[in-house]
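Asks: The structure under discussion is supplied below as structure tokens; questions concerning it will follow.
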Amino acid sequence: QVQLVESGGGLVQPGGSLRLSCAASRDIFTIDPMAWYRQAPGKQRELVASISRRGSTNYPESVKGRFTISKDNPKNTVYLQMNSLKPEDTAVYYCYAHLWATSRDYWGQGTQVTVSP
């Protein structure tokens, strides 16, 4: 069982930056991978960044070069640094974790990111 709590969302102007945090309730050494997804009101949930236990990362072309996923193992926390934000980045952002010991998927409650002038 893993509880995930996201924070850091909010309203930002185009070109601005936000840093999202996801705090996990257990040692993230047991989680592989962790990721951030987002979902806009009329769209399916999509991957925006993932990070493996080894630290390898993956990004879709839509965010590559603008978003960076990272983790702090002692704090059991994963971050998403979002720079050069665009209106199309507006969505609810969800933290995701795969607990490999039980092959189960877990999701945070989501945090709203709104990019608007």
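Asks: May I ask which residue of Asn73, Gly42, Asn83 lies farthest towards the positive end of the charge dipole of the stretch 31-117, with charges of +1 (Lys, Arg) and -1 (Asp, Glu) on Cβ and the Cα centre as origin?
Replies: So the residue we want is Asn73.
Asks: Just the ratio, please: alpha-carbon radius of gyration of the chain over 2.2 N^0.38 Å, N its number of residues.
Replies: Compared with the compact-globule rule of thumb, the chain sits at 1.00.
Asks: Turning to a different aspect of this structure: Determine how large the accessible area of Arg45 is when every protein chain is in place; take a 1.4 Å probe and give Å² rounded to the nearest 10.
Replies: For Arg45, solvent-accessible area is about 90 Å².
Asks: Taking every DSSP beta bridge with both residues inside the chain, roughly what % is antiparallel (nearest 5)?
Replies: Antiparallel bridges make up about 90 percent of those DSSP assigns within the chain.
Asks: Given R₀ = 35 Å, FRET efficiency for Lys86-Ser52 by Cβ-Cβ distance, to 0.05?
Replies: Numbers: r = 27 Å, r/R0 = 0.77.
So, using R0 = 35 Å, E works out to roughly 0.85.
Asks: Hey, another quick one. Let's test the formula: R0 of 25 Å, r as the Cβ-Cβ distance of Gln13 and Glu61. What FRET efficiency results, to the nearest 0.05? Mind dumping the intermediate values first?
Replies: Numbers: r = 23 Å, r/R0 = 0.94.
Calculated value: 0.60.
Asks: Name the lysines eligible as straight-distance cross-link partners of Lys75: C-alpha to C-alpha under 28 Å, and not fewer than 8 places from it in the same chain.
Replies: Lys64
Asks: Right, another one. What net charge do the residues around Thr57 carry, taking every other residue with its C-beta under 11 Å from that of Thr57, with Lys and Arg at +1 and Asp and Glu at -1?
Replies: In short, +3.
Asks: Continuing with this model, one more query. Round to a whole number: what % of the accessible area of the stretch 22-116 belongs to carbon and sulfur, probe 1.4 Å?
Replies: Carbon-and-sulfur percentage of accessible area, whole number: 48.
Asks: With a probe of 1.4 Å, find how much accessible area the stretch 2-53 has per residue, and write the answer as a whole number in Å².
Replies: Per residue, the stretch 2-53 has an accessible area of 49 Å².
Asks: In what order, largest first, do Glu46, Glu88, Glu6 sit by accessible area if the probe radius is 1.4 Å? Could the numbers behind the result be given before it?
Replies: Numbers: Glu46 60, Glu88 125, Glu6 10 Å².
Highest to lowest solvent-accessible surface, that is Glu88, Glu46, Glu6.
Asks: What is the sum of charges, Lys and Arg at +1 and Asp and Glu at -1, for the other residues whose Cβ falls under 12 Å from the Cβ of Leu99? Before the final figure, lay out the partial values.
Replies: Working: positive: Arg26, Arg53, Arg104; negative: Asp27, Asp32, Asp105.
Surrounding charge for Leu99 is 0.
Asks: Continuing with this model, one more query. What is the gain in length, in nm to one decimal, between Gln39 and Ser103 on full extension, counting 0.36 nm per residue of separation less the C-alpha to C-alpha distance?
Replies: Here the answer is 20.7 nm.
Asks: Probe of 1.4 angstrom, ligands and nucleic acids ignored: what's the accessible area per residue over the stretch 72-117, in square angstrom?
Replies: Heavy-atom accessible area per residue stands at 50 Å².
The values are calculated or read from the model by the stated rules, or taken from the named source; none is laboratory data. Being a predicted model, the structure only gives us computed values, none of them experimental. Every residue, glycine as well, gets a Cβ built from its backbone with ideal geometry; the counts of neighbours run over all protein chains shown. The protein model used for the area step is the full one, side chains on, heavy atoms only, and it has no ligands, DNA or RNA in it. Shrake-Rupley method; radii C 1.70, N 1.55, O 1.52, S 1.80 Å.
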